[in-house]
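The values are calculated or read from the model by the stated rules, or taken from the named source; none is laboratory data. Values in this document were obtained by computation on a predicted structure and should not be read as measured data. Note that we place each Cβ from the backbone using ideal geometry, even for glycine, and neighbour counts take in every protein chain shown.
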Amino acid sequence: MRRRAFISLIGGAIAWPLVARAEKSTGGRHRIFWISTDSQPDPFLDGFREGLRKRGYVEGRDIVLELYYSQGNPAGLRRVIPELTRANIDLVVSSGPATRAIKDVTGVPVLFALSGDPIELGLVRSLAQPGGNFTGSTFLSLDLAGKRVELLKEICPTLRTLAVLSNTDHPGEQSEWRTTHRVAQGLGIEPIYFPFKGMNELDDALAAAATARADALLVFPDAATMVHRTRLAEFAVKQRLPSMFGWSEYCDAGGLVSYGANQRATYFGLAEYADRILRGEKPADLPVQQPAAFELTVNLKTAEALGIDFVASSFLFRANKVIE
């Protein structure tokens with residue numbers, strides 16, 4: 001299919017790749033399609049590229065990376081599926097919520113990095129034995145869900161009421177909520193659930209949380225809250241609520257504390273699976289990875305705005321990243 005015809009097919013929803021789409025034979029080079037709903041530049045792509053370089057791959061010589069972005073419109077990606085299955089593609093790498101849009105892709109290996117549960121989404125049969133053409137990494141960890149509540153309690157010893165903001169359109173969300181609820185009640189904390197589904201309901205969820213008289217705010221990490229991380233961080237400061245998030249990018253945007261996997265490092269590690277698949281291994285035989293190391297991030301600017309003093313606490317010394 002010619003370049004102009006392909007753009008017409010997807011209705012202009014997807015930006016043309018930074019590395020031009022190969023019109024001619026790739027001459028033995030591996031073709032990797034990177035698909036994301038996020039806008040460029042993409043920091044997670046940088047991690048993946050670094051991982052490929054670490055394994056000896058050189059763009060233009062060994063591989064051709066073809067990048068597609070739906071600019072926040074996952075539905076546009078579904079129109080790409082027929083082309084992915086017909087084209088001579090060696091590997092698809094799906095970033096974030098784009099995975100849901102292309103979960104019906106067959107006939108080509110797909111690597112994903114997903115904040116939710118790939119089993120509930122129907123991508124794999126189990127984490128240990130994916131069984132199909134999808135594998136990759138999931139950030140979801142129920143141990144992390146409980147640990148975030150414990151860390152908030154350490155920051156705020158008088159914490160009694162916890163507002164929990166959650167996108168229900170997120171695979172594994174109910175398991176995360178049940179764990180959060182159980183751990184919170186075990187610590188003498190009453191969690192108040194503020195669910196929303198999609199961006200249209202976020203305003204209502206925040207309005208309800210503003211009237212709850214909570215002592216702190218916990219936001220489940222996923223693509224929807226990630227997109228609005230600055231808004232959520234500003235909401236927490238305005239409401240005088242210490243806030244806990246899942247990834248350090250939330251703290252970069254003004255959140256107080258985050259605890260979770262380093263996303264860039266996860267994409268770096270995903271390049272190992274890319275290498276193994278390009279060498280002939282099947283996604284069905286590669287277990288879905290879960291992060292083994294987690295980072296604690298603290299934003300001291302936000303702490304000062306909320307009147308929280310970390311200096312005299314051992315909490316600060318355990319942080320992997322401190323934003324001053």
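Report whether or not T135 is within 24 Å of Y267 (Cα to Cα), of a type in the set (S, T, Y), modelled with pLDDT of 90 or more and outside the structural domain of W247 (by TED's automatic domain parsing).
Criteria met by T135.
Looking for whichever is more than 21 Å from the chain's Cα centre (by Cα), of a type in the set (K, R) and modelled with pLDDT under 95 here; the options are R213, R264. Which one fits?
Matching residue, one of R213, R264: R213.
Out of S70, S39, S25, report the one residue that is modelled with pLDDT under 85, crowded, with 19+ Cβ neighbours inside 10 Å and hydroxyl-bearing (S, T, Y). First the steps, then the outcome.
Numbers: S39 fails: crowded, with 19+ Cβ neighbours inside 10 Å; S25 fails: crowded, with 19+ Cβ neighbours inside 10 Å.
Answer to the check: S70.
Could you tell me whether any residue of region 185-192 is at pLDDT below 90, over 30 Å from K282 (Cα atoms), of a type in the set (A, V, I, L, M) and not assigned by TED's automatic domain parsing to the domain that holds I81? If you could, list the steps in order and put the result at the bottom.
Step one: of region 185-192, the residues at pLDDT below 90 are none.
Looking through region 185-192, none of the residues is at pLDDT below 90, over 30 Å from K282 (Cα atoms), of a type in the set (A, V, I, L, M) and not assigned by TED's automatic domain parsing to the domain that holds I81.
Checking G107 against (1) in the same structural domain as W247 (by TED's automatic domain parsing); (2) touching a helix residue (DSSP H, G or I) at 6+ places or on another chain (Cβ under 7 Å); (3) farther than 25 Å from E295 by Cα, which single condition isn't satisfied?
Going through the list (1) in the same structural domain as W247 (by TED's automatic domain parsing); (2) touching a helix residue (DSSP H, G or I) at 6+ places or on another chain (Cβ under 7 Å); (3) farther than 25 Å from E295 by Cα, G107 breaks only (1).
Determine which single condition G280 fails, assuming it passes every other condition in (1) surrounded by 15 or more Cβ atoms within 10 Å (Cβ to Cβ); (2) over 19 Å from L162 (Cβ atoms); (3) of a type in the set (G, A, S).
(1) is the only condition that G280 fails.
Of the residues A223, A184, which is crowded, with 17+ Cβ neighbours inside 10 Å and more than 16 Å from the chain's Cα centre (by Cα)?
Details: A223 fails: more than 16 Å from the chain's Cα centre (by Cα).
That would be A184, the only listed residue that is crowded, with 17+ Cβ neighbours inside 10 Å and more than 16 Å from the chain's Cα centre (by Cα).
So, in region 297-324, of the ones that are assigned to a helix (DSSP H, G or I) and modelled with pLDDT of 90 or more, which residue ends up surrounded by the most Cβ atoms within 10 Å (Cβ to Cβ)?
Narrowing region 297-324 to residues assigned to a helix (DSSP H, G or I): 300-306, 316-318.
If we keep only those that are modelled with pLDDT of 90 or more too, we end up with 300-306, 318.
Values: L300: 17, K301: 13, T302: 22, A303: 20, E304: 12, A305: 15, L306: 18, R318: 11.
Per the criteria, the residue is T302.
Which residues, counting only those in region 127-143, are buried (at least 23 other Cβ atoms within 10 Å of the Cβ), closer than 19 Å to S175 by Cα and not hydrophobic (A, V, I, L, M, F, W, C)?
Listed by number, the list holds a single entry, T138.
Determine if region 289-296 includes at least one residue that is part of a helix (DSSP H, G or I), over 25 Å from Y57 (Cα atoms) and of a type in the set (A, V, I, L, M, F, W, C).
no
Out of the residues in region 105-126 that are surrounded by fewer than 16 Cβ atoms within 10 Å (Cβ to Cβ), touching a residue at least 24 places away in the same chain (Cβ under 8 Å) and of a type outside the set (G, A, S), which is farthest from A163 (Cα to Cα)?
Selected residue: T106.
Could you tell me whether any residue of region 228-245 is outside the structural domain of G116 (by TED's automatic domain parsing), at pLDDT below 95 and hydrophobic (A, V, I, L, M, F, W, C)?
Looking through region 228-245, none of the residues is outside the structural domain of G116 (by TED's automatic domain parsing), at pLDDT below 95 and hydrophobic (A, V, I, L, M, F, W, C).
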